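Remarks on the structure that follows.
The values are calculated or read from the model by the stated rules, or taken from the named source; none is laboratory data. All of these numbers come straight from a predicted model, not from anything done at the bench. Here Cβ is always computed from backbone atoms with ideal geometry, including for glycine, and neighbour counts include all displayed protein chains. These accessible areas exclude ligands, DNA and RNA; they are computed on the full protein's heavy atoms, side chains included. Shrake-Rupley method; radii C 1.70, N 1.55, O 1.52, S 1.80 Å.
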Amino acid sequence: MSTRVRLHVARVLARTHIVLIPLDGTLCDFYRGVDTAAIADRIHEMLFSAGHRMSVLIAIQSDPVAKMGYAYSVGPDYGAQAEEMVREAELAAATTAVPTSGAQEVLQACRASGRRIVVAGDICSDAMETYLDLHGLRPLVEAVVGREQRPAMSEWPGLDLARQAVKALGAEPSDCTLVSMSVLGMYAAAEAGIQAIGVVSRNGSRKHLAGNGGSVAVSNFAELAGALTAVPATDSYEPSP
């Protein structure tokens, strides 16, 4: 029995030759079981020990990557030290990250339908490569675009990484679609001029994922995998009679 695909989703897929997928939050829960606040605290302590005093708003920041960006604003050497702390934590997190149910089937459906895949993330590339290798996914992925491929003090990392992912395959934005469970991902895709498909998470909402710059939404990864298989990548799509 053929998979029924909603027309607006099919139209996006018909123009999709390259799929961009974020690692953390879409392919997996990368930091499951990792105390990310402790990493941010280590960066704080490093800066404090060097005599730097930061504002309360910066001091309470528990995102280690954001804290690392602040360290770069203090000075390149501090930024490099902070980045090494984050990198070590990311390499460890890659071995304990929890795959998102159905995400592997989406990658397989992309490849089976002739679509190319880029995995991107505000994580060091080595850690992302480690995760993909451990789960047998690396052969499905054509390129990996990590944090080192965007400016160290990027104001919108997701947007910069999306643009770099398009460039990594020498593609046109119109041939690419971002698959993400994040509303911010939908906005980044719209700013980068690429299509977007939002996958509704357990705590997410379809209405927040659809409609951002023409983005569409599917209920889960199983639905998306079926749609990728059913709809070939062409220049246009007309529904079967």
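What number goes with the only condition from (1) modelled with pLDDT under 90; (2) open to solvent by 40 Å² or more (accessible area, probe 1.4 Å) that Val5 does not pass?
The single condition Val5 does not satisfy is (2).
Here is a list of conditions, (1) open to solvent by less than 60 Å² (accessible area, probe 1.4 Å); (2) in contact with a strand residue (DSSP E or B) (Cβ under 9 Å, 6 or more places away or on another chain); (3) in a loop (DSSP other than H, G, I, E, B); (4) not β-branched (Val, Ile, Thr), and Leu13 meets all of them except one; can you say which number that is?
(3)
Can you go through Ala217, Ala188 and tell me which one is modelled with pLDDT of 90 or more, farther than 28 Å from Ala80 by Cα and buried (at least 20 other Cβ atoms within 10 Å of the Cβ)?
Ala217
Show the residue pairs meeting these rules: Cβ distance below 8 Å; 6+ apart or different chains; first residue within the stretch 209-228 and under 17 Å from Arg15 (Cα atoms) and part of a helix (DSSP H, G or I); second residue at pLDDT 85 or above and basic (Lys, Arg).
Leu228/Arg115
Filter the stretch 139-158 for residues that are touching an Asp or Glu at 6+ places or on another chain (Cβ under 7 Å) and at pLDDT 95 or above and give the result.
If the condition is that a residue be touching an Asp or Glu at 6+ places or on another chain (Cβ under 7 Å) and at pLDDT 95 or above, then Val144, Arg147 are the ones that fit.
In this structure, does Glu90 turn out to be out of contact with any Cys (no Cβ under 6 Å at 6 or more places or on another chain) and either open to solvent by less than 30 Å² (accessible area, probe 1.4 Å) or under 21 Å from Ala196 (Cα atoms) (or both)? Explain how you work it out, then say what you get.
Numbers: out of contact with any Cys (no Cβ under 6 Å at 6 or more places or on another chain): no; either open to solvent by less than 30 Å² (accessible area, probe 1.4 Å) or under 21 Å from Ala196 (Cα atoms) (or both): yes.
Spelling it out, it is not the case that Glu90 is out of contact with any Cys (no Cβ under 6 Å at 6 or more places or on another chain) and either open to solvent by less than 30 Å² (accessible area, probe 1.4 Å) or under 21 Å from Ala196 (Cα atoms) (or both).
Looking only at the stretch 131-155, count every residue that is in a helix (DSSP H, G or I) and crowded, with 20+ Cβ neighbours inside 10 Å and tell me the total.
Taking the stretch 131-155 as the starting set, the residues that turn out to be in a helix (DSSP H, G or I) are 131-134, 138-140, 147-149.
Then drop every residue that is not crowded, with 20+ Cβ neighbours inside 10 Å, which leaves 131-132, 147.
Within the stretch 131-155, residues that are in a helix (DSSP H, G or I) and crowded, with 20+ Cβ neighbours inside 10 Å number 3.
Would you pick out the residues in the stretch 17-32 that are out of contact with any Gly (no Cβ under 6 Å at 6 or more places or on another chain) and either closer than 16 Å to Ala233 by Cβ or part of a strand (DSSP E or B) (or both)? Please lay out each step first, then the result.
Residues of the stretch 17-32 out of contact with any Gly (no Cβ under 6 Å at 6 or more places or on another chain): 17-21, 25-32.
Passing the criteria: His17, Ile18, Val19, Leu20, Ile21, Cys28, Asp29.
What number of residues within the stretch 108-130 are hydrophobic (A, V, I, L, M, F, W, C) and either in a loop (DSSP other than H, G, I, E, B) or open to solvent by 50 Å² or more (accessible area, probe 1.4 Å) (or both)? Walk me through how you get there before you give the answer.
Residues of the stretch 108-130 hydrophobic (A, V, I, L, M, F, W, C): 109-110, 112, 117-120, 123-124, 127-128.
If we keep only those that are either in a loop (DSSP other than H, G, I, E, B) or open to solvent by 50 Å² or more (accessible area, probe 1.4 Å) (or both) too, we end up with 112, 123-124.
Residues that pass the stated criteria total 3.
Could you tell me whether the stretch 35-47 includes any residue that is open to solvent by 60 Å² or more (accessible area, probe 1.4 Å), assigned to a loop (DSSP other than H, G, I, E, B) and touching a residue at least 24 places away in the same chain (Cβ under 8 Å)?
no
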